[in-house]
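One structure is given below, encoded as structure tokens.
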Amino acid sequence: MTKLRTTPAPGNPDDLYEALVDARRDLDEAQAAALDAKLVLLLANHIGDVDVVREAIALARKR
């Protein structure tokens, strides 16, 4: 059974995209990769469900 929500969440997806782009602004490639890794770990911790995180990983690898 799928636990991962893949439909757009309520709110403005453009604001979310803008926040992600702004977070990487003025970073070099290594700094941006480090930011991405930290963000993934923080959000995975927030989710807290290893099955959901595994599902997200599998889905991301397919795309």
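The values are calculated or read from the model by the stated rules, or taken from the named source; none is laboratory data. Remember, predicted model here, so these are calculated numbers, not experimental data. For neighbour counting, all protein chains shown are included, and Cβ atoms are generated from backbone atoms with ideal geometry for every residue, glycine included. When the accessible area is computed, the model is the full protein with side chains, heavy atoms only, and any ligands, DNA or RNA have been set aside. Shrake-Rupley method; radii C 1.70, N 1.55, O 1.52, S 1.80 Å.
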Segment 1-61: trypsin sites (Lys or Arg not before Pro) in DSSP loop, at most 12 other beta carbons within 10 Å:
LYS3, ARG5, ARG25
With a 1.4 Å probe and all protein chains left in place, how much of the accessible area of the chain comes from carbon and sulfur atoms, in whole percent?
58
Set Lys and Arg Cβ to +1 and Asp and Glu Cβ to -1, take the dipole of the chain about its Cα centre, and tell me which of HIS46, LEU59, ALA34 lies farthest positive.
LEU59
Given labels modelled 7 Å from the Cα in the Cβ direction, how far is it in nm from ALA34 to ALA9?
2.6
Extension gain from ILE47 to GLU18, taking 0.36 nm per residue of separation minus the Cα-Cα distance
8.3 nm
Please calculate the 1.4 Å probe accessible area of ASP28, with all protein chains present, and give it to the nearest 10 Å².
80
Size of the dipole of the chain about the Cα centre, Lys and Arg at +1 and Asp and Glu at -1 on the beta carbon, nothing else charged, in debye to 20?
400
